[in-house]
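For reference, the structure discussed in these notes is given below.
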Amino acid sequence: MNNSLCVKEHRYWDFFEDFPIDQGGYGRHKCAGCAYENGFQDGLNRKEHLNIDLDNLPLSQAGTVRHKSPHAAYAKGYYDGIVKSYK
């Protein structure tokens with residue numbers, strides 16, 4: 001399990017403000033920014049077998065990703081990556 005703290009700039013991206021809040025369950029305190037970036041890469045590569053891999057996401061309690069759903073962030077990242085792969 002990854003217990004490191006995320007220090008990446010994506011913790012302050014404005015568009016995370018609209019993501020659903022997740023204060024419970026296994027994804028609690030996991031970095032939604034890292035989940036988004038992982039999903040984006042998987043989408044860009046058109047990966048067919050998806051794995052959000054919550055165990056390896058760092059923790060984050062900072063900025064706009066605070067208490068945001070890593071599941072929704074991964075899904076949005078995957079979608080955005082798929083769209084980008086067609087350009």
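The values are calculated or read from the model by the stated rules, or taken from the named source; none is laboratory data. Bear in mind the structure is a predicted one, so any value in this text is a computation, not a measurement. Ideal geometry is used to build each Cβ from the backbone, glycine not excepted, and the neighbour counts take in all protein chains shown.
Looking at Phe15, Phe40, just one residue is modelled with pLDDT of 95 or more and either of a type in the set (A, V, I, L, M, F, W, C) or surrounded by fewer than 17 Cβ atoms within 10 Å (Cβ to Cβ) (or both), and that residue is Phe40.
All of Gly63, Gly81, Gly27 fail the test of being buried (at least 16 other Cβ atoms within 10 Å of the Cβ), at pLDDT 95 or above and not basic (Lys, Arg), apart from Gly81. The residue of segment 1-52 that is farthest from Asp80 (Cα to Cα), among those that are among the acidic types (Asp, Glu) and in contact (Cβ under 8 Å) with a residue 24 or more places away in the chain, is Asp22.
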